[in-house]
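Chemist: Pasting in a structure now, in structure tokens, and then I'll have a few things to ask.
Since every read-out is calculated from the coordinates, none of them should be taken as a lab result. All values reported here derive from a predicted model rather than from experimental measurement. Virtual Cβ from ideal backbone geometry, glycine too; neighbours counted across all protein chains shown.
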Amino acid sequence: MKPTKGDRSVNRPVRTLLAVMLCIALAVSVTACSQPAATTPGSTTAPVKIRIGTLPTEDSLPLWVAERDGLFTKAGLDVSITVFQSAQERDAALTAGAIDGFMGDLIAAATLRAGGVPVKVVTVMLGAKASEGRFGIAVEPSSTVTALKQLAGVPIGTSSATIQEYVLDKMMEAAGVPGASIKTEEVKKVPVRFELLMSGKLKAAALPEPFLSLAAKTGAKIVADDTQGANISQTVLIFSQKYLDDSTNAAGVARLLGVWDTAVGSINAATDTFRTLLVDKARLPDPLKDSYAVNIYPTAQLPAEADVQPVLDWMKTKGLLKVPVTYADLMWTAPAK
């Protein structure tokens with residue numbers, strides 16, 4: 001039944017009220033949708049997303065501590081950490097834009113830069129001092145070699161065109177072995193290199209941690225390591241230049257470095273309490289689970305030019321740089337706070 005003229009006049013105030021309420025509801029809805037989600041108390045800023053690639057090694061322990069303890073979230077960061085099984089996979093992920101930054105070394109950074117993939121080093125992860133991190137040369141269990149000089153002319157297992165070969169060359173050079181007498185045998189995968197050494201199929205091998213400690217624990221002999229003398233190896237955190245060129249991202253990385261310092265402070269104050277996490281994340285072998293020494297980590301800082309330039313010079317000598325790369329090319333300056 002249609003309403004009469006009288007009915008319509010009676011319902012007009014009701015219809016007006018409903019229309020006003022609808023407008024208010026619509027305005028509130030639009031306003032709410034326009035506000036970014038808060039991530040910290042009192043904040044209305046969306047978290048900065050940072051995708052980091054790493055390898056299952058001890059270098060990234062502060063990042064894993066920050067992830068476990070919620071430090072990224074507290075800093076307004078949305079950090080995802082992807083563990084790769086090889087440096088080649090990691091580098092390919094950065095080039096493809098699947099990650100924004102990664103744990104690597106100076107040779108990886110310079111190689112990418114020279115190859116047309118601009119990157120920047122934002123901090124040292126291990127190796128601000130020679131005592132941080134360890135890389136060395138071990139000989140097979142039955143060997144009578146006790147000094148690097150005795151390995152002149154002896155093939156040493158390593159991976160060419162890598163930081164491992166660089167450290168090997170520098171250690172042999174420091175021991176007085178002429179360049180022409182430094183012989184290497186290509187064995188790219190460290191676990192395979194370790195097994196060949198322990199079986200006697202390699203007379204000597206260049207090994208990073210934790211394989212160096214495992215070799216010593218299971219019968220091999222460490223002839224020398226790089227924790228004494230000149231500082232020749234650093235692990236660094238590297239980011240895509242394209243990612244850093246965005247001011248929001250750059251501010252996020254600056255906060256990330258602050259989180260790094262917080263995690264480093266916790267680790268360095270009680271290293272042994274972080275062994276379980278390190279064992280899990282770095283996949284330490286069973287013989288080392290209860291005895292492996294957790295590193296002292298550096299606070300966020302750029303590597304010294306005196307440590308970087310020799311690496312670049314070595315790469316030039318080896319023909320590894322297609323175009324010149326300088327210290328300034330590789331180092332990132334954090335935005336002013």
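Chemist: Restricting the calculation to Cα positions, tell me the Rg (one decimal) and the Dmax (whole number) of region 216-337 in Å.
Modeler: So, for region 216-337, Rg and Dmax equal 18.3, 52 Å respectively.
Chemist: If the cut-off is a Cα-Cα distance under 20 Å, which lysines reach LYS120, setting aside same-chain residues fewer than 8 apart in sequence?
Modeler: Correct list for LYS120: LYS49, LYS242, LYS316, LYS322, LYS337.
Chemist: Specify the angular offset, from 0 to 90 degrees and rounded to the nearest 10, of the alpha carbon long axis of helix 305-317 from the longest principal axis of the alpha carbons in the chain.
Modeler: Helix 305-317 and the main axis of the chain meet at about 70 degrees.
Chemist: Still on this structure: Which percent of Cα-Cα pairs in region 276-337 sits in each 5 Å bin, short to long?
Modeler: Reading the bins upward from 0: 3, 12, 16, 12, 10, 11, 17, 13, 5, 0.
Chemist: Using a cut-off of under 14 Å, list every residue of region 71-100 whose amide N is near the label point 7 Å from the Cα of ALA46 along the Cα-to-beta-carbon line.
Modeler: Backbone N within reach: 77-78.
Chemist: Still on this structure, I have one more. If you build the Cα gyration tensor of the chain and take the root of 5 times each eigenvalue, what three semi-axes come out, in whole angstrom, biggest first?
Modeler: Numbers: eigenvalues 616, 93, 58 Å².
Sorted largest first and rounded, they come to 55, 22, 17 Å.
Chemist: Restricting to DSSP H runs of at least four residues, report the calculated mean residue ellipticity at 222 nm for the chain, -39500 (n - 2.57) per run over all residues, nearest 500 deg cm²/dmol. Write down the numbers at each step before the final one.
Modeler: Working: 13 runs with 140 residues, N = 337.
Calculated mean residue ellipticity at 222 nm is -12500 deg cm²/dmol.
Chemist: Using R₀ = 51 Å, calculate the FRET efficiency as 1/(1 + (r/R₀)^6) where r is the Cβ-Cβ separation of ASP290 and VAL323; round to 0.05. List each step's numbers first, then the result.
Modeler: Numbers: r = 48 Å, r/R0 = 0.95.
Step by step, r from the Cβ atoms, then E = 0.60.
Chemist: Give the angle, between 0 and 90 degrees and rounded to the nearest 10, that separates the Cα long axis of helix 5-34 from the longest principal axis of the Cα atoms of the chain.
Modeler: Tilt relative to the chain: about 10 degrees.
Chemist: For ALA230 and THR218 in the same chain, what is the full-extension length gain: residue separation times 0.36 nm, less their Cα-Cα distance, in nm?
Modeler: Working: separation 12, 0.36 × 12 = 4.32 nm, distance 2.84 nm.
Separation in residues times 0.36 nm, less the Cα-Cα distance, equals 1.5 nm.
Chemist: Evaluate E = 1/(1 + (r/R0)^6) for ALA175 and MET331, where r is the Cβ-Cβ distance and R0 equals 25 Å; express this FRET efficiency to the nearest 0.05.
Modeler: Working: r = 31 Å, r/R0 = 1.23.
The formula returns an efficiency of 0.20 here.
Chemist: Treating the Cα atoms of region 135-225 as identical point scatterers in vacuum, please give the log10 of the normalised Debye intensity I(q)/I(0) at q = 0.16, 0.17, 0.23, 0.25 Å⁻¹, two decimals.
Modeler: The Debye formula, applied to the Cα set alone, gives -0.51, -0.58, -1.13, -1.37.
Chemist: Then there is this: To the nearest 0.05, what FRET efficiency results for LYS183 and SER86 with a Förster distance of 30 Å applied to their C-beta separation? Working shown, then result.
Modeler: Working: r = 25 Å, r/R0 = 0.84.
E(calc), rounded to 0.05, equals 0.75.
Chemist: Per residue of region 73-89, what does 6.51 cos²θ - 1.76 cosθ + 1.60 with θ = phi - 60° give for ³J(HN,Hα)? Whole Hz please, x for Gly and Pro, Karplus curve as stated.
Modeler: With coefficients 6.51, -1.76 and 1.60, one gets 4, 4, 8, x, 10, 10, 9, 10, 10, 10, 9, 9, 8, 8, 5, 5, 5 Hz.
Chemist: Run the simple label-point estimate for ALA147 and LYS129 please: 7 Å along Cα→C-beta, distance reported in nm.
Modeler: Between ALA147 and LYS129, the simple spin-label model gives 2.9 nm.
Chemist: Let me ask something else about it. Helix 247-269 versus the longest principal axis of the chain: what angle, 0 to 90°, nearest 10, using Cα atoms?
Modeler: 60 degrees
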